[in-house]
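Engineer: I have a structure here, written as structure tokens, and I will follow up with some questions on it.
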Amino acid sequence: MSAREDILGRLRAAPIAQAMALPDVAGWYHAQARNEDNTQRLARLRAALEAVRTEVHEVTSANWVSVLLSIAASKGLRHVLIGSDTPHGDELASCAPDGLAIVRYDRPIEAWRDQLFEGIDASLTLARAAVAETGSLILWPTPAEPRLMSLVPSLHFVLLEADTVHADLYATMLAEGWATGMPANVLLISGPSKTADIQQTLAYGAHGPRELVVLLRHPAGGAT
């Protein structure tokens, strides 16, 4: 008997392991659930984001553009990158003053790599949802808003709808229906880019935006 036949024979003769019972994920999260309302959940998200130097501004559908433009002016921004075809990008573009260039991400990266990496101050993207437990924004990259928009510019504006903030990642996955389909890449952003790899000194902006500005948009009539 060859060594190959001997190994295969022992594998075939080995007892079949009994399938392990799957953990009760839903039960665990249910037991850990907080008894909180939406206002408390939003406050928890804000506290987690601000703890890592994220700016959070509570806005409405009526004033979010003016708030963004005011922030852009105070920071001396010259450009804001928007998606190729998005309602929020179009709304910003229609209101931008002459001194602020609105740039659309409407070309392949190879056609304007240098401008994107060296000539864009900020970008605006829409968050799919957020996780209060970890203070994480969930971005769902699309052809209209590619992943690079949240990685390259020094300042990243994120427009987040207040009614898409969930308690934890499990609740988010259920509410958003992740099991029925996901993009090739999902981003969970918990503050500006930071690292402490060298000398254990926390540094911001090492691998992405130095500043993260969240515009937490409340529905009409909602509290701000």
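Engineer: With a 1.4 Å probe and all protein chains kept in place, how do LEU148, LEU160 rank by accessible area, largest first?
Structural biologist: LEU148, LEU160
Engineer: What spacing in nm lies between the two simple spin-label points modelled at ASN185 and ARG12, each 7 Å away from Cα in the Cβ direction?
Structural biologist: 4.7 nm
Engineer: Among DSSP beta bridges lying fully in the chain, give the percent that are antiparallel, nearest 5.
Structural biologist: Around 25 percent antiparallel, to the nearest 5.
Engineer: Hey, another quick one. Using only the Cα atoms of the chain, what do you get for the radius of gyration and for Dmax, in Å?
Structural biologist: Expressed in Å, the Cα Rg and Dmax of the chain come to 22.6, 83.
Engineer: Find, to one decimal place in angstroms, the Kirkwood hydrodynamic radius of the stretch 69-161, where the mean of 1/r is taken over every pair of different Cα atoms and then inverted.
Structural biologist: Result for the stretch 69-161, one decimal place: 13.7 Å.
Engineer: Sticking with this structure for a sec: Quick check: at a probe of 1.4 Å, how many percent of the accessible area of the stretch 1-71 sits on carbon and sulfur atoms?
Structural biologist: On the stretch 1-71, the fraction of accessible area on carbon and sulfur atoms equals 57 percent.
Engineer: When the Cα atoms of the stretch 150-224 are enclosed in a convex hull and the volume is divided per residue, what value in Å³ results?
Structural biologist: Taking only Cα atoms, the stretch 150-224 has a hull volume of 147 Å³ per residue.
Engineer: Follow-up. Cut-off 10 angstrom, C-alpha nodes, Gaussian network model of the chain. Which of GLU145, GLU91, GLU58 fluctuates the most?
Structural biologist: Its mean-square fluctuation being the largest, the pick is GLU91.
Engineer: Between GLU55 and ALA101, what is 0.36 nm times their sequence separation minus the Cα-Cα distance? Round to one decimal in nm.
Structural biologist: Extra length available between GLU55 and ALA101 comes to 14.3 nm.
Engineer: Based on DSSP H runs of at least 4 residues, each adding -39500 (n - 2.57), what is the mean residue ellipticity at 222 nm of the chain after dividing by all its residues, to the nearest 500 deg cm²/dmol?
Structural biologist: Calculated mean residue ellipticity at 222 nm is -9000 deg cm²/dmol.
Engineer: Continuing with this model, one more query. How large is the Kirkwood hydrodynamic radius of the stretch 1-132, counting all unique pairs of alpha carbons, in Å?
Structural biologist: Value: 20.3 Å, from the Cα pair sum.
Engineer: Roughly to the nearest percent, how much of the accessible area of the stretch 101-152 is carbon and sulfur, given a 1.4 Å probe?
Structural biologist: C and S fraction of accessible area: 52 percent.
Engineer: Here's another thing I want to ask about it. So for ASP90, ASP85, ASP121, what's the accessible-area order with a 1.4 Å probe, most first?
Structural biologist: ASP85, ASP90, ASP121
Engineer: According to a simple spin-label model (label point 7 Å from Cα along Cα-to-Cβ), what is the distance in nm between SER94 and ALA26?
Structural biologist: 4.3 nm
Engineer: May I pose another question? Considering only protein heavy atoms, with the full assembly of protein chains and a 1.4 angstrom probe, order MET149, MET1, MET173 by accessible area, largest first.
Structural biologist: MET1, MET173, MET149
Engineer: Leaving out ligands and nucleic acids, note down the accessible area per residue over the chain with a 1.4 angstrom probe, in whole Å².
Structural biologist: It amounts to 58 Å² per residue over the chain.
The values are calculated or read from the model by the stated rules, or taken from the named source; none is laboratory data. None of the values given here were measured: they were computed from a predicted structure. Every residue, glycine as well, gets a Cβ built from its backbone with ideal geometry; the counts of neighbours run over all protein chains shown. Ligands, DNA and RNA are excluded from the accessible area calculation, which covers all protein heavy atoms including side chains. Shrake-Rupley method; radii C 1.70, N 1.55, O 1.52, S 1.80 Å.
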